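Student: Attaching a single structure in C-alpha cells format; questions to follow.
The values are calculated or read from the model by the stated rules, or taken from the named source; none is laboratory data. From a predicted model like this one, the values you see are computed outputs, not experimental measurements. Counting neighbours? That spans all protein chains shown, and the Cβs are built from the backbone with ideal geometry, glycine included.
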Amino acid sequence: MVLEDLHELVETLQGRIAEHGAALQQSETLTRYALIDPLLRGLGWDTGDPSQVLPEYRSAAGSADYALLGLSGSPQVMVEAKKLGTHLDVKVRQQVTSYCQEEGVPFAVITDGRRWEIYDIFQPAAMKDSLVATLDLGHDPAATSLRSLALWRRSVVAGTVVSAATPLLDVAPPVEKAPTNTTDLNELFPASTPAADPGLWHILTDFIPESGTKPGAIRFPDNTVVSTPNWADFIGEVVRWLKAHGDLTDSDLPIQVTSGATILVGLSPTHKTGKQFKTLRKVDTWFVNANYASADHVQNARSVIQLAKSNPAAFAVRLQ
C-alpha cells in the first residue's frame, strides 16, 4: 500500500460523511461499517481476520468494540466506537481505559468515525495528557493520512507507537526522511522478524537475544536513545531511566525477579544471604546485579519495567 492509497481512502470517507452524515449520526453500526472498518483496513488491519481484529472483545470491565491484536495474539489496542457526532468526552475515555487496564492493553482509541484519539494507557499522566495522536477526517487529506499512520498495523505490532501529538513518521525509527506520496509503507515499516539483525530496533515484549549478541543502544518510551555497549549496561540503563522518571523508588527495593535469595536491584550490593554481587552497575545510590546471561538480562528488564507499571512494548533495543 502507498500513501496515495491512504490519501484516496480519506477523501472517500470525507465524501461519505458529507453525503450520509445524517444517517451516520443515528447509528453506531452504520458508522462502524461505513467509516471505521474501512480506515482500519486501509491501515493494514484485516477486520475479517480474527487473528488481527476481534470485534466485541469481552473483558471483566465490559466489551470493547474492537481489539487490535499483536503478533502473539494478545490485544495491543482497544477501540471504542461511537456514532458520528458523538462527543468524545471523559466518560468515553474512561470507558475504554477500564477495558485496557483490566486486560493490560497498552493503547486505547476512541472514535466517532471522523475524529480519532489515540492514548497511551501506561503513560504516567492524566489520560488527557497521554494523547499519542489525533486525526480528523474533516481536515486536509494529506495531513490526515500521515497522522493516521499512528495506527498503521506494522508500527503497532512492532511497538513503535510513541507518545507524541505528531505524525508517527516524524519520530519512529528507522525513518530518516519525510516520505513522498509514492513511498511504499512496507519500506517505512518493515515487518517484525524474530531474527536479531543488527541495526533494527527490537521491542522488549518478546525479544530473546541470541547467545553472543551485544546491545548497541536502548530506546525509551520518551524516545531518548542511550548507548549500551554490553548487557550489564543495558539493565543498568533500564533501572536508571525508571528511577529518574519516578517509576521506581527506594520503597520498591530490594527487587527480586526470582524466588530465593537473589537480589536484582538493592540499596546495597548484597543478596539476602549476604553474598556480594559478582558483577554490578551502580545507579546513583542503587546497585544492580548484572551477573546474568544476555537473555536473562532482557527478561529481567521486562520484569522490572512491569514492576514499575510501565509497558515493555514501549522499550526497544538495537544490537551491535
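Student: Let me confirm something: among ALA64, ALA60, which residue is in the same structural domain as ILE121 (by TED's automatic domain parsing), surrounded by 14 or more Cβ atoms within 10 Å (Cβ to Cβ), touching a helix residue (DSSP H, G or I) at 6+ places or on another chain (Cβ under 6 Å) and modelled with pLDDT under 95?
Tutor: ALA64
Student: Please work out which one of (1) charged (D, E, K, R); (2) surrounded by 15 or more Cβ atoms within 10 Å (Cβ to Cβ); (3) within 28 Å of PHE315 (Cα to Cα) is the condition ARG32 fails and give its number.
Tutor: For ARG32, the failing item is (3).
Student: Could you list all residues from region 98-109 that are farther than 13 Å from LEU40 by Cα and either free of Cβ contacts under 8 Å to residues at least 60 places away in the same chain or of a type in the set (A, V, I, L, M, F, W, C) (or both)? So that I can check it myself, show each step before the final result.
Tutor: Here is the first cut: in region 98-109, the ones farther than 13 Å from LEU40 by Cα are 98-108.
Scanning region 98-109 gives SER98, TYR99, CYS100, GLN101, GLU102, GLU103, GLY104, VAL105, PHE107, ALA108.
Student: Going through ILE235, ILE255 one at a time, which residue ends up being modelled with pLDDT of 95 or more, under 21 Å from the mean Cα position of the chain (by Cα) and in the same structural domain as ILE208 (by TED's automatic domain parsing)? Break it down into steps so the answer makes sense when it comes.
Tutor: Details: ILE255 fails: under 21 Å from the mean Cα position of the chain (by Cα).
Only one candidate passes the filter, namely ILE235.
Residue-wise test of (1) outside any loop (DSSP other than H, G, I, E, B); (2) charged (D, E, K, R); (3) modelled with pLDDT of 80 or more; (4) closer than 21 Å to ALA301 by Cα.
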{"site": "ARG147", "(1), (2), (3), (4)": "yes, yes, no, no"}
{"site": "THR160", "(1), (2), (3), (4)": "no, no, no, yes"}
{"site": "PRO174", "(1), (2), (3), (4)": "no, no, no, no"}
{"site": "ASN181", "(1), (2), (3), (4)": "no, no, no, no"}
{"site": "PRO190", "(1), (2), (3), (4)": "no, no, no, no"}
{"site": "ALA217", "(1), (2), (3), (4)": "yes, no, yes, yes"}
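Student: If I go through region 93-123 residue by residue, how many of them are surrounded by fewer than 18 Cβ atoms within 10 Å (Cβ to Cβ) and either more than 21 Å from the chain's Cα centre (by Cα) or among the small types (Gly, Ala, Ser) (or both)?
Tutor: 2
Student: Right, here's the next one. Spot the failing condition for PHE220; the list is (1) in contact with a Phe, Trp or Tyr (Cβ under 7 Å, 6 or more places away or on another chain); (2) surrounded by fewer than 18 Cβ atoms within 10 Å (Cβ to Cβ), and only one is missed.
Tutor: Status for PHE220: all satisfied but (2).
Student: Could you grab me the full set of residues in region 226-240 that are free of Cβ contacts under 8 Å to residues at least 24 places away in the same chain and aliphatic (A, V, I, L, M)?
Tutor: Within region 226-240, VAL226 is the sole residue that qualifies.
Student: Residues to consider are LYS272, LYS309, LYS278, LYS282; find the one that is at positive phi and of a type outside the set (S, T, N, Q).
Tutor: Numbers: LYS272 fails: at positive phi; LYS278 fails: at positive phi; LYS282 fails: at positive phi.
One residue alone meets the criteria, LYS309.
Student: Provide a single number: the residues in region 12-23 that are within 15 Å of ARG41 (Cα to Cα) and in contact (Cβ under 8 Å) with a residue 60 or more places away in the chain. Working first, answer last.
Tutor: Initial filter on region 12-23 (within 15 Å of ARG41 (Cα to Cα)): 12-13.
Remaining after also requiring in contact (Cβ under 8 Å) with a residue 60 or more places away in the chain: 13.
Qualifying residue count, region 12-23: 1.
Student: Find the residue count for region 82-99, including only residues that are under 17 Å from ASP120 (Cα atoms) and part of a loop (DSSP other than H, G, I, E, B).
Tutor: 2
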